[in-house]
1. Does any residue of the stretch 159-176 turn out to be under 24 Å from Glu335 (Cα atoms) and of a type outside the set (A, V, I, L, M)?
2. Within the stretch 459-486, which residues are in a loop (DSSP other than H, G, I, E, B), surrounded by fewer than 17 Cβ atoms within 10 Å (Cβ to Cβ) and in contact (Cβ under 8 Å) with a residue 24 or more places away in the chain?
3. If a residue has to be modelled with pLDDT under 90 and surrounded by fewer than 17 Cβ atoms within 10 Å (Cβ to Cβ) to count, how many in the stretch 320-329 make the cut?
4. Out of all the residues in the stretch 201-224, which are in contact with a strand residue (DSSP E or B) (Cβ under 8 Å, 6 or more places away or on another chain) and among the charged types (D, E, K, R)?
5. Return yes when Ile180 is touching a residue at least 60 places away in the same chain (Cβ under 8 Å), within 16 Å of the ligand (Cβ to nearest atom) and not hydroxyl-bearing (Ser, Thr, Tyr) and no when it is not.
6. Of (1) in contact (Cβ under 8 Å) with a residue 40 or more places away in the chain; (2) surrounded by fewer than 18 Cβ atoms within 10 Å (Cβ to Cβ); (3) under 14 Å from Ile338 (Cβ atoms), Lys245 satisfies all except one. Which?
7. Of everything in the stretch 33-76, what is more than 14 Å from the ligand (Cβ to nearest atom), without any contact (Cβ under 8 Å) to a residue 60 or more places away in the chain, surrounded by fewer than 21 Cβ atoms within 10 Å (Cβ to Cβ) and closer than 23 Å to Glu88 by Cα? Give them in sequence order.
Amino acid sequence: MHARAAAIKELYKKEPDSMIGRAYAFAEKAHAGQKRKSGEPYFNHSIATGGILRSWHLDDATVAAGILHDTVEDTGVPLETIKKEFGEEVAFLVDGVTKLGHIKYREIPARDGSAAAKKEPIRQSMEEARAENLRKMVLALSQDLRVVFIKLADRLHNMQTLSALPPAKQKRIALETDEIYASLAYRLGMHNVSGELQDLAFPYLHPREYEWLLSATKERYAERAKYLEKIKPQIKKILEDHDIKPLDIEIRAKRYSSLYKKLLKRDMDIERVHDLVAMRIIVKTLPECYAALGVIHEAWPPLPRRIKDYIAMPKPNAYRSLHTTVIGPDGKRVEIQIRTKEMHDENEYGVAAHWLYKQKQEGAAISGKKLAQEIAWVQQLKNWQERFTGNADDPEEFIRAMKIDFFTDRIFAVTPRGDVIDLPAGSTPIDFAYHVHSEIGNSATGAKVNGVMSTLDHPLKSGDVVEILAQKGKKPSEDWLRFAKTTIARDHIRLALRKKNVFARMLSLPSHAELKITVEDRVGLIKDISGSIAEMHIGIMSFHTEPAAGKRFHITKVDIQSTDKKKIEKLVAKLRDIKGVRDVGYRLI
Ligand code: MN
């Protein structure tokens, strides 16, 4: 058992009546007998997830919800039971994670499946937009960042055990992890989680490159690590000679996934990557960061243009640290990162670390070129962070701040395949149908929302799984314009209705006939005429008489339900025989 999971078990043994202890017992019972694909008990996944969340210093409700996160979806425990046993908050978090489970990301297949087609810029930007949409959906759907944390912990453990799944599934999940969750973790400043997820996905996404990288760097890594271990005491001494007591000096190998990305930019030339293994110095205070940088530069000359002050100018995801590269003993390059413990925790755990710290960050300017489109997004997160960093002591305020209230004007609904449809608030299944495909909209007859039959005007919520029931050849109804919200849906409905009318007119066959009978009025004439029509078994639709010129004759017009010319001719002959009838004509309408 992993240390993080073991810590949960330990807690359960020590305090079985605590919230985490009770969640442990509840989940163990609920998952009893269930096995993972790897053959190990399902419950292992529950406590591993809870353990990861605890290692991120999250609150008990989040850890408990992490332990319980699969009980509703996978064991059929009603959400009501969770609410009764663990309260509203835990139930809300479990429900959030269950809903997130309905989202799936897969690559749009290239038109001809070739590698070249996959690199088409249009396709790539579509892919990027779709991934972005999905990331936003995850946030919007979560409503509370703690739901995202649970999902990230869940995914982290699933990735650690991914090898047990069939290859096609491995690939899809690895892609989703890389595109959606690692990227989301990065945006939330959870550097460590993001990197870990990317590293776990990398061998599944690029198996050959991964193999190559392993063999190409193995010796180099070992050699670099050995060298840094050797100079570690020297750095420690240099710092201590200047009254700087480092809390920790770590030697840290670059992650394979980020090394691979760097190599792509360096023509796959490993000689040109200098930070294969870096040294990380953790100090107590911010002034000590700069002091440490100064004394190290004094001892070993820095390389020009390699000094980066991410403390004065944090990265857009709020990453803070000093970076430098110096020429160490034996003329070898040494990449050094210097930061406080607080910065370190924030870099590793991002927003989750704000449980621990409340320092307000001033002047966290966003710089860089490609970031224009990201600013709004990051700014929202920043505002949100700032709103509660002033008040991290107050747990109530923190919880409130964790609620995600951006994207309130959008909803994100999901197809049964897990594709996300982004719609304005108030949209209905008919909007959803037209956004999936105009043909699906045109032939819609009804909808199932979360498995329940529903009308086409039913307002949708974020996270609803919507299945459109369609019938071939069915045409849109004018009524739909009453509740269709989106322009796309409304335009398609109008277009289809117009087509329908034109089509009907073009094809319109006569539906009935009009008789025009010139009569000299007398008592009983109308009865005689209608009697003759009835005898032919033809229905009468309307009957009216108007005086003709000179008032001697009248014109009687009768609409009859027949378009059968032979039958009508026969009727006309019959009518002519009636006394008082002067003339009979007809036309088909
Ligand atoms: Mn799970």
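The values are calculated or read from the model by the stated rules, or taken from the named source; none is laboratory data. For clarity, every value in this text was computed on a predicted model and none was experimentally measured. Cβ coordinates were reconstructed from backbone atoms using ideal geometry, including for glycine residues, and neighbour counts include every protein chain displayed.
1. Going through the stretch 159-176, the residues under 24 Å from Glu335 (Cα atoms) turn out to be none.
Among the residues of the stretch 159-176, not one is under 24 Å from Glu335 (Cα atoms) and of a type outside the set (A, V, I, L, M), which makes the answer no.
2. Filtering the stretch 459-486 down to residues in a loop (DSSP other than H, G, I, E, B) leaves 459-464, 471-477, 483-486.
Filter once more, keeping what is surrounded by fewer than 17 Cβ atoms within 10 Å (Cβ to Cβ): 459, 461, 471-475, 477.
If the condition is that a residue be in a loop (DSSP other than H, G, I, E, B), surrounded by fewer than 17 Cβ atoms within 10 Å (Cβ to Cβ) and in contact (Cβ under 8 Å) with a residue 24 or more places away in the chain, then Pro459, Lys461, Gln471, Lys472, Gly473, Lys474, Lys475 are the ones that fit.
3. Initial filter on the stretch 320-329 (modelled with pLDDT under 90): 320.
If we keep only those that are surrounded by fewer than 17 Cβ atoms within 10 Å (Cβ to Cβ) too, we end up with none.
Of the residues in the stretch 320-329, 0 are modelled with pLDDT under 90 and surrounded by fewer than 17 Cβ atoms within 10 Å (Cβ to Cβ).
4. Start the filter on the stretch 201-224 by keeping residues that are in contact with a strand residue (DSSP E or B) (Cβ under 8 Å, 6 or more places away or on another chain), which leaves 221, 224.
Within the stretch 201-224, just Arg224 meets the criteria.
5. Numbers: touching a residue at least 60 places away in the same chain (Cβ under 8 Å): yes; within 16 Å of the ligand (Cβ to nearest atom): yes; not hydroxyl-bearing (Ser, Thr, Tyr): yes.
Answer is yes for this residue.
6. Among (1) in contact (Cβ under 8 Å) with a residue 40 or more places away in the chain; (2) surrounded by fewer than 18 Cβ atoms within 10 Å (Cβ to Cβ); (3) under 14 Å from Ile338 (Cβ atoms), Lys245 violates only (1).
7. Those that are more than 14 Å from the ligand (Cβ to nearest atom), without any contact (Cβ under 8 Å) to a residue 60 or more places away in the chain, surrounded by fewer than 21 Cβ atoms within 10 Å (Cβ to Cβ) and closer than 23 Å to Glu88 by Cα: Asp60, Gly76.
For (1) modelled with pLDDT under 50; (2) in a loop (DSSP other than H, G, I, E, B); (3) out of contact with any Ser or Thr (no Cβ under 6 Å at 6 or more places or on another chain), each residue gets a yes or a no:
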| residue | (1), (2), (3) |
| --- | --- |
| Gln385 | yes, no, yes |
| Glu397 | yes, no, yes |
| Asp405 | yes, yes, yes |
| Ala413 | no, no, yes |
| Lys448 | no, no, yes |
| Asp457 | no, yes, no |
